[in-house]
Amino acid sequence: MVRILSALLIMLFMALSPISSAYAQQIASKAEAADVARKVANGRVLRVDKVGQFYRVKVLKKSGRVVSVDIDIQSGQVIPRDKGN
């Protein structure tokens, strides 16, 4: 029973991750980073900046809120940010 629950929790976590494995690859350009961020945040890309080893993408959501999406250049994964920042 514990194994089944553990497997279900792992599957749920994977399904709720902010970026699917389809996007998980090296990001070669700002345009690629913008495309990933647009899909993840479901909005319009305003700006893309390279900051060290990641791209920071500002996205305007339909609600009018601007959010930042950080994407690791090497892995293509979205870098989680603290809710307080």
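The values are calculated or read from the model by the stated rules, or taken from the named source; none is laboratory data. Everything numeric here is computed off the predicted structure, so don't read it as measured data. Every residue, glycine as well, gets a Cβ built from its backbone with ideal geometry; the counts of neighbours run over all protein chains shown.
Some points to look at:
- Any hit, region 5-15, residues being of a type in the set (A, V, I, L, M, F, W, C), touching a strand residue (DSSP E or B) at 6+ places or on another chain (Cβ under 9 Å) and either surrounded by 10 or more Cβ atoms within 10 Å (Cβ to Cβ) or at pLDDT 60 or above (or both): no
- Candidates in region 43-80 are the residues that are within 10 Å of the chain's Cα centre (by Cα) and in a loop (DSSP other than H, G, I, E, B); of these, the one that is farthest from ALA33 (Cα to Cα) is PRO80.
- Taking the criterion of being loosely packed, with under 12 Cβ neighbours inside 10 Å and of a type outside the set (D, E, K, R), the residues of region 52-78 that qualify are GLY52, GLN53, SER63, GLY64, GLN74.
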